[in-house]
Structures are given as C-alpha cells and as structure tokens.
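Report on one structure; see the data block that follows.
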Amino acid sequence: MTETLETPCIIIDTERMDRNIQVMADMVNKHHVKLRPHAKTHKLPSIALQQMEAGAVGITVAKVSEAEVMAANGVSNIFIAYPLVTVSKIERAIRLSEQIELIVGVDSLAGAQLLEQTASRLGHSLQVRLEIDTGLRRTGVLYEQASALAFEIARMPHLRLTGIYTFRGSLLAGKPTLDVAAAGQEEGKLMVQLAERLRAQGIAITDVSVGSTPTAAYAAAVEGVTEVRPGTYVFHDRMQARLGVCDLDDCAASVLVTVVSRPSADLAIIDGGSKTFATDVQPGTDPLQLRGFGHIVNLEDALLIRMTEEHGMVELGPLAQAANLQIGDKLRIIPNHICSTVNLHNQVILQRSDKLERLPVLARGMLE
C-alpha cells in the first residue's frame, strides 16, 4: 500500500498509536494523577483531542501560536509550559484565556512582573505555574530560589499561582541516566517537597506537574504529584526504546525513504537527510550510545551513519548487503527522536488497516 507514496514521508501506524495513547492513560489513571500530554510530538489537534477522549485533562504546548492552533480546532484546556516575556505574546495569551482554560508558565520575577502589568492593563487575570529547574539547567528558577520567587508572584493581584512544574528528562543526581525509575522518583519527590514548603509559607499550590515519557510512570507514583506531561509516548521512537520505555515494535511513527543510489556494496544513499530526520539526538552520546540516526526496519546491520541536507548515507553490514538493495527500493526508518522529526514535515500519513490518510501538521514550524 505504501509502495506508491512519494518519499521521504512520515507514516503513522494508527493501531500502535491508539495502543500507546491508551496504555499511558490507563497507567496515569491507576495512580489517580492527571495526564496533560505535551503536543510537541504530534502537533496535531486531532490527536490531542484523541488523547483527551482517552482521559487527558488537557494538553501542553511550548508556544502561544501552538496554543492558538489547538484552541481553534477544539482543544479547550491548554498549558503553555514556557515563559512568556514579550507583551505581544502575553496579550495573545490573555485573549486566548478568555476563550479556553489556559495556564501560563513563568520562571523569573521580570517575567512575572510583565505578566502582571499586561494583565492589569487589560483588566484580566492569568493562571500561572512556576517552573523549577531540577537539574536540567534549562528554563526554570533555581530550586533553592523558588520559595522567594513564589512568594513575590503570589502577591501579584492579576496572577493566580496555582502550581509548580518541571521538565527533567532522564536525569538522576544531575547526570543523564538509563535508570528512568530512579530518575522519575527523584523528580517527583523533589517537587512534592518544594510544594509542601510553599504551602507552609501560605502559598496555595494545588498542581505539582512533572514527568516526561521516560519518567512518567514512576513520577506519577510519588504521593503528592498531581499531573504528568509525557509527549513522545504517543508515537515512541528509538530513543525511548533505548531507555527501555517501549519496544521498537511499539513505535508508531517511521520515515519512509527511497534508495536513490548504490555507489558500492556497503553503501546505499537514501532521499532523506538532515531536512528529513532530526539530528538533536546524536549517535554515540551518553547515556544512550545509539549508533546512527535511526533504526532501519528489517535490515539488522544497516546504519544511517551520516547525513547531508537531502542525502542519507546508509552503511550496509554483511546481512544488509545480502538483502541486495536496489535503486528504487523503499526503507522504513524509526528516527532517534520523533518530536523534532515531525516538525520537519508539512504532513504525516496515517495508516489505518488498508487506508491512508494525509494530515497537515497544523502546529508545526510555529515561530512564536
């Protein structure tokens, strides 16, 4: 059925996707914790709505523009888990919050003051969550400084500080790890302890939001955690398989490519390069130590070892050489990181039984 498709393209196995959605929903429900998936993976309102139908309370996004696209297509509960620090974006967020339930992230006094000033000028209030840096050293107020900042935000009349959140990934004691169980437990405990400290100061923290796909199951089991925000689980990818979160057979998304050249017995060139596959999860980096930029299905010792913009160089081991690939043959590759890969494509193709459906990736490529 896929033989006539133009390549490169992303194919979504909907049976696997449906199963992934339900498995996560059931796991989170078992712990009586809210599920708020990050839409960064699929960027598709229809899939966000499917996640909510399966039990998610709402979704998470990183940009106001993504929130606008999701809201315009029926998603009514959105968390922008990113600091908004320009007036234009805050004004758009306020307009959106008049239509749907919206939560906004904040991680600094300067950012909070700008939110307060803009909300005050427009006669509105915003629900906010304070982002905490629990070791990733990305956005987020430093853990030991969170109490002081939370106190200042709680005093602002047009901001309603209802929760704290963090994104930590698979870190343990500040270092990357494959022990996702210990990482999730540590993340959950750190955030619950902070929430209790803030409540002791008289700050009414109700939401403790944590967890990524690798750690969600373990963070959700920590008493006091109220919400988890996994994203990649909807499709899974090679990185999650390496972390032990799933099997490669659980990966719902793959990239279909065509062999365009066979310069030698041990090399095949495909029509997918760095404009097709994400390059942010580099081969050989700790702790994953992946080889190549993706898993080539049914070619055990073939490696997508190198890419330029439009070319992918596939190194063929003895078993792959025996397959006698021909120019025009198609390969299916599970990328190392599906989230960034989807954002490179204008559309995905849903494969359900014997039917193919093209869907535009409506929230991709948003710059603001």
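Once you have the alpha carbon radius of gyration of the chain, what is it after dividing by 2.2 N^0.38 Å, with N set to its residue count?
Dividing the Cα Rg of the chain by 2.2 N^0.38 Å gives 1.04.
Please give every one of the lysines within straight-line cross-link reach of Lys43, meaning a C-alpha to C-alpha distance under 23 Å, and leave out same-chain neighbours fewer than 8 residues apart.
Lys34, Lys63, Lys89, Lys275, Lys355
Out of all DSSP beta bridges with both ends in the chain, state the antiparallel percent to the nearest 5.
Among the beta bridges of the chain, antiparallel pairing accounts for roughly 50 percent.
Taking Cα pairs under 8 Å and at least six residues apart, what relative contact order does the chain come out at, in percent?
Dividing the mean separation by the residue count of the chain yields 19 percent.
Please report the relative contact order for region 21-110, taking Cα pairs under 8 Å with a sequence separation of at least 6, and give it as a percent rounded to a whole number.
This gives 23 percent for region 21-110.
To the nearest Å, what is the center-to-center distance of region 184-212 and region 140-156, using C-alpha atoms only?
13 Å
On a C-alpha basis, how far is the centre of region 319-335 from the centre of region 251-277 in Å? Whole number, if you could?
8 Å
Per-residue ellipticity at 222 nm for the chain, helices alone: DSSP H runs ≥ 4 residues times -39500 (n - 2.57), over residue total, nearest 500 deg cm²/dmol?
-8500 deg cm²/dmol
Can you pull a Stokes-Einstein diffusion coefficient for region 190-318 at 25 °C (0.890 mPa s), Rh from Kirkwood over Cα pairs, as a whole number of µm²/s?
Calculated translational D: 141 µm²/s.
Taking 2.2 N^0.38 Å as the expected size of a compact globular protein, what ratio does the Cα radius of gyration of region 125-246 give against it, to two decimals?
Ratio of Rg to 2.2 N^0.38 Å for region 125-246: 1.08.
Which sequence of Ser254, Ser88 reflects their accessible areas, 1.4 Å probe, from the largest down?
From most exposed to least exposed: Ser88, Ser254.
Rg/Rh for region 251-368: what does it come to with C-alpha atoms and Rh from Kirkwood?
That ratio equals 0.98.
Round to a whole number: what % of the accessible area of region 284-368 belongs to carbon and sulfur, probe 1.4 Å?
That fraction is 48 percent.
I'd like the distance separating the alpha-carbon centroids of region 65-107 and region 19-62, in whole Å.
Their Cα centres are 18 Å away from one another.
Can you list the aspartates and glutamates whose alpha carbon sits under 18 Å from that of Lys330, skipping same-chain ones fewer than 8 residues off?
Glu3, Glu6, Asp13, Asp266, Asp271, Glu300, Asp301, Glu310, Glu315
With every protein chain kept in place and ligands, DNA and RNA left out, what is the accessible area per residue of region 1-74? Probe 1.4 Å, answer in Å².
Accessible area per residue: 41 Å².
Would you mind giving the average projected area, over all directions, of the Cα convex hull of region 317-368 in nm² with one decimal?
Over all viewing directions, region 317-368 projects a mean Cα-hull area of 6.0 nm².
State, as an integer percentage, the relative contact order of region 111-159 based on alpha-carbon contacts under 8 Å between residues 6 or more apart.
This gives 43 percent for region 111-159.
Give the long-range amide H neighbours of Leu126: residues separated by 5 or more places, or on another chain, with amide H under 5 Å away, using H modelled in the peptide plane at 1.01 Å from N.
Here Leu159, Arg160 satisfy the definition.
The values are calculated or read from the model by the stated rules, or taken from the named source; none is laboratory data. All of these numbers come straight from a predicted model, not from anything done at the bench. Note: accessible area is taken over every heavy atom of the protein model, side chains too, but ligands, DNA and RNA are not part of it. Shrake-Rupley method; radii C 1.70, N 1.55, O 1.52, S 1.80 Å.
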